[in-house]
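Working notes, structure below.
The values are calculated or read from the model by the stated rules, or taken from the named source; none is laboratory data. Worth saying up front: this structure is predicted, and the values here are computed from it rather than measured. Quick reminder, even Gly has a Cβ in these numbers, built from the backbone with ideal geometry, and neighbours come from all protein chains shown.
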Amino acid sequence: MCFRPAEVAMKKCPECGTPNKPIANECAKCGAPLENKKMDFDADQASLDAANTFAAPKAPGAPKPPVKPGAPKPPMA
Ligand SMILES: [Zn+2]
C-alpha cells in the first residue's frame with residue numbers, strides 16, 4: 001500500500017481540472033465552485049445497496065430438474 005489515498009480523494013476542478021483538497025469548496029486556481037458531493041450519502045447508498053444485495057439472496061440457484069424416478073441407471077458391469 002504505497003499510494004496515498006489523499007491524492008485519490010482530491011477534488012478535481014470541473015473548470016480547469018486542478019486538483020484541490022477534498023475540503024476545498026472552490027478551486028484554488030480559478031475559484032470555480034467545486035461540487036460538494038456528500039460522501040456520506042454516497043456511502044450510505046453504497047452500503048444500502050450492499051446490504052440489500054446481501055439481505056436479498058439471489059434465487060437459490062436454478063432448481064435441478066428432478067432425476068427421473070422411473071429411469072434407473074443401467075448397471076455398470
Ligand atoms: Zn479551477
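With the checklist (1) out of contact with any Ser or Thr (no Cβ under 9 Å at 6 or more places or on another chain); (2) of a type in the set (Lys, Arg); (3) modelled with pLDDT of 80 or more in hand, flag the one item residue 64 doesn't pass.
(3)
Would you confirm whether any residue within the range 32-51 is modelled with pLDDT of 80 or more and part of a loop (DSSP other than H, G, I, E, B)?
Start the filter on the range 32-51 by keeping residues that are modelled with pLDDT of 80 or more, which leaves 32-34.
If we keep only those that are part of a loop (DSSP other than H, G, I, E, B) as well, we get 32, 34.
Taking every residue of the range 32-51 in turn, at least one turns out to be modelled with pLDDT of 80 or more and part of a loop (DSSP other than H, G, I, E, B).
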